[in-house]
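Worksheet: the structure to be examined is printed underneath.
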Amino acid sequence: MDTMIEKLTKEVAGAFAKAGYDEKYGKVTLSNRPDLCEFQCNGAMSAAKEYHKAPIMIANDVAENLTGSETFSEVSAVAPGFLNFKVSPAFLCAYLRAMTEDEKFGYAPSGGRKIIVDYGGPNVAKPLHIGHLRAAIIGESVKRICKYAGNEVVGDIHLGDWGLQMGLIITELKKRKPELPYFDPDFTGTYPEEAPFTISELEEIYPSASAKSKEDEAYKEEALAATHDLQSGRRGYRAIWDHIMRISVADLKKNYENLDVHFEWWKGESDVQPLIPQMVQDLKDSGLAHESEGALVVDVSEEGDAKEVPPCIILKSDGAALYATTDLATLLDRKSVFDPDQVIYVVDKRQEMHFLQVFRTARKAGIVKKDTGLDFLGFGTMNGKDGKPFKTRSGGVMRLETLIEDINTQMYTKIMENHEADPEEAKETAKIVALSAIKYGDLSNQATKDYVFDSDKFTSFEGNTGPYILYTIVRIKSILQKYVQAGQTDAQKTASPELCKLMNPEHDSDKSLMLELVRFSDVMNEAYTELAPHKICAYIYDVANAFNRFYHENKILVEEDKEKQQGWIALLLLTEKLLTTCIDLLGFSAPERM
Ligand code: ARG
């Protein structure tokens, strides 16, 4: 099914052709003067240059060819050459009816591609902090949008599980419990099954080791050596690593679960280490990698680079692999196990240069196929109200768990203030609504931009917020429930094709709501091709506003004209389904009541 814009464009392009102009000028867009019209076409302006005619003459010719069209109720050519349109109620209703009959509301993406979304990227054994929030929220939504577009998509958490933090933990553990068998090089038995630490101990061990290594050079040397030993396969250290992984991954799963974020793959940097030696050899053999100041590098600068792109470092002078090396090996691994058409990285935008170097090296070296899309979706910083990166009150790094608990509590208090509620139920509801506050607060901004995390604003039931959207959905659900109870009519049936009584809009507010709803496919196309969840947020905010206006202007439940009432109910059902689908794509859901 064509999107609304495609349908209108076809019609207007036809009119251009009929009038003897190239149909490419027939592109229709949403109106940017909603006070004057609903849709517009500025093609006559561009056509004027080709045909050496006044734009208004061309616009008039086209308008003439659209008289009597069943699509439009109003077509006007206005100086200097705009074409302004209003669509006919019958056309609008027919389109909406077709939307209700389609599983994806008329959205017909071409899909069929294989996509990996690389997001999350936490470093094992360090507690999840708010720095990880954006990757999780944006990545999960991008993944869902790509799936909805009909692609086969996997999310890979890409754990940072192979770096210095592991050596630091091993070093600190050795200081605290030197008697453990892991540190005895002559030990040949089996290591204990139980880890020598809990998750809270682990979370304390890492920062204290990290702090010590910054003050004490010898300590740092020891940690580097332990990292090296681990990476070279020392048995005892590998056993500690296994413990760290098991405990951290269980904790990470719990945390991501709370955010309704789910990864199909729990792979990490460690998984691809075995691929590195051969990859490095190939890079050398092909002549791409060369030595520079003792290191092995690949030149990736290109003519026309606006700023300098330094060589991609593959091995340091001591022979150690680096961050880029691991990302290249990961691409090799992904090609052999999944053969993706596209890999999307949702990572802090400060890593942009790193990914540029990796992408260019991967292409030069044939590590990815020629037509594999490599996309870096870099996100900005989440700031506090002071405009600086978000911190705890005491100035420390905020743990993700703490942030979520704070918003949950804030939401719970609000719900209890609003109306009497069962505390247990209110708690559950608060969790659902709080998640919408956090996620919508983030996603409604363009990902690349920094934004201010303002919990008072985000948790408000009014304005452009997650709770406002949920409130609207809950309101619709409640009207539908009352409708069913009052007349014992099955509201679902009302929306079924035969019974769908979507009526010609009579009021401005019916039509405004309808005009918002029909944008769905166009919005989905944009959100997918631009990897832009914020477009979905903007859409549902418009839909929610249009619905609430409609709701305030019409007495739906006491309407006497039953046909009209059924039409409205069908409109409500569609609105509710669209909103529910959209928030699922954003990664949250609505409660039954709130
Ligand atoms: N662990 C990395 C960090 O904390 C993020 C990983 C992003 N993904 C990737 N493929 N490099 O900076």
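Structural remarks
- VAL397, sole failed condition from (1) away from the ligand (no atom under 16 Å from the Cβ); (2) in a loop (DSSP other than H, G, I, E, B); (3) touching a residue at least 12 places away in the same chain (Cβ under 8 Å): (1)
- Candidate set: region 432-453, residues that are assigned to a loop (DSSP other than H, G, I, E, B) and hydrophobic (A, V, I, L, M, F, W, C); chosen: the one farthest from ALA136 (Cα to Cα): PHE453
- THR100 touching a helix residue (DSSP H, G or I) at 6+ places or on another chain (Cβ under 7 Å) and either on the phi < 0 side of the Ramachandran plot or more than 16 Å from the ligand (Cβ to nearest atom) (or both): yes
- Residue check, ALA77 of a type in the set (A, V, I, L, M) and more than 25 Å from LYS511 (Cα to Cα): no
- Region 117-152, residues that are assigned to a strand (DSSP E or B), under 23 Å from LEU585 (Cβ atoms) and within 16 Å of the ligand (Cβ to nearest atom): VAL117, ASP118
- One residue from ALA125, ALA136 being surrounded by 23 or more Cβ atoms within 10 Å (Cβ to Cβ) and within 21 Å of the chain's Cα centre (by Cα): ALA136
- Members of region 212-234 found to be surrounded by fewer than 12 Cβ atoms within 10 Å (Cβ to Cβ) and assigned to a helix (DSSP H, G or I), listed by number: LYS214, GLU215, GLU217, ALA218
- Looking only at region 438-461, residues that are β-branched (Val, Ile, Thr) and touching a strand residue (DSSP E or B) at 6+ places or on another chain (Cβ under 7 Å) come to 2 in all.
- Selection within region 324-359 - among the aromatic types (Phe, Trp, Tyr) and either in a helix (DSSP H, G or I) or surrounded by fewer than 16 Cβ atoms within 10 Å (Cβ to Cβ) (or both): PHE355, PHE359
- Checking ALA362, ALA289, ALA321 one by one, the residue that is surrounded by 15 or more Cβ atoms within 10 Å (Cβ to Cβ) and away from the ligand (no atom under 16 Å from the Cβ) is ALA289 and no other.
- Residues located in region 333-348, provided they are within 13 Å of the ligand (Cβ to nearest atom) and out of contact with any Asp or Glu (no Cβ under 9 Å at 6 or more places or on another chain): ASP348
- LEU83 being crowded, with 23+ Cβ neighbours inside 10 Å, at pLDDT 95 or above and away from the ligand (no atom under 16 Å from the Cβ): yes
- Selection count where residues are in a loop (DSSP other than H, G, I, E, B) and either crowded, with 19+ Cβ neighbours inside 10 Å or in contact with a Gly (Cβ under 9 Å, 6 or more places away or on another chain) (or both), scope region 87-103: 0
- Leading residue by the ranking (surrounded by the most Cβ atoms within 10 Å (Cβ to Cβ)) among those in region 365-386 that are within 14 Å of the ligand (Cβ to nearest atom) and not charged (D, E, K, R): PHE379
- Conditions (1) of a type outside the set (Val, Ile, Thr); (2) part of a loop (DSSP other than H, G, I, E, B); (3) free of Cβ contacts under 8 Å to residues at least 40 places away in the same chain; (4) surrounded by 16 or more Cβ atoms within 10 Å (Cβ to Cβ): number failed by PHE197: (3)
- Meets criteria (surrounded by fewer than 22 Cβ atoms within 10 Å (Cβ to Cβ) and either modelled with pLDDT of 95 or more or within 14 Å of the ligand (Cβ to nearest atom) (or both)) for PRO178: yes
- If you go through region 536-594 and pick out every residue that is within 28 Å of the chain's Cα centre (by Cα) and either closer than 20 Å to SER436 by Cβ or surrounded by fewer than 18 Cβ atoms within 10 Å (Cβ to Cβ) (or both), you end up with 33.
- Residues of region 539-564 that turn out to be part of a helix (DSSP H, G or I), in contact (Cβ under 8 Å) with a residue 60 or more places away in the chain and more than 15 Å from THR472 (Cα to Cα), as a count: 2
- Single residue of region 372-394 satisfying the filter (without any contact (Cβ under 8 Å) to a residue 60 or more places away in the chain and closer than 18 Å to GLY121 by Cβ) that is farthest from the chain's Cα centre (by Cα): PRO389
- Considering residues of region 153-167 that are more than 18 Å from ASP327 (Cα to Cα) and aliphatic (A, V, I, L, M) only, the residue farthest from the ligand (Cβ to nearest atom): VAL153
- The listed residues are ALA447, ALA421, ALA437, and the only one of them that is among the hydrophobic types (A, V, I, L, M, F, W, C) and modelled with pLDDT under 95 turns out to be ALA421.
- Pair list, Cβ under 8 Å, 6 or more apart: region 359-371 residue closer than 17 Å to GLN281 by Cα, other residue hydroxyl-bearing (Ser, Thr, Tyr) and not in a loop (DSSP other than H, G, I, E, B): ILE367/THR361
The values are calculated or read from the model by the stated rules, or taken from the named source; none is laboratory data. Everything numeric here is computed off the predicted structure, so don't read it as measured data. Positions of Cβ are backbone-derived with ideal geometry, glycine not excepted, and every protein chain shown enters the neighbour counts.
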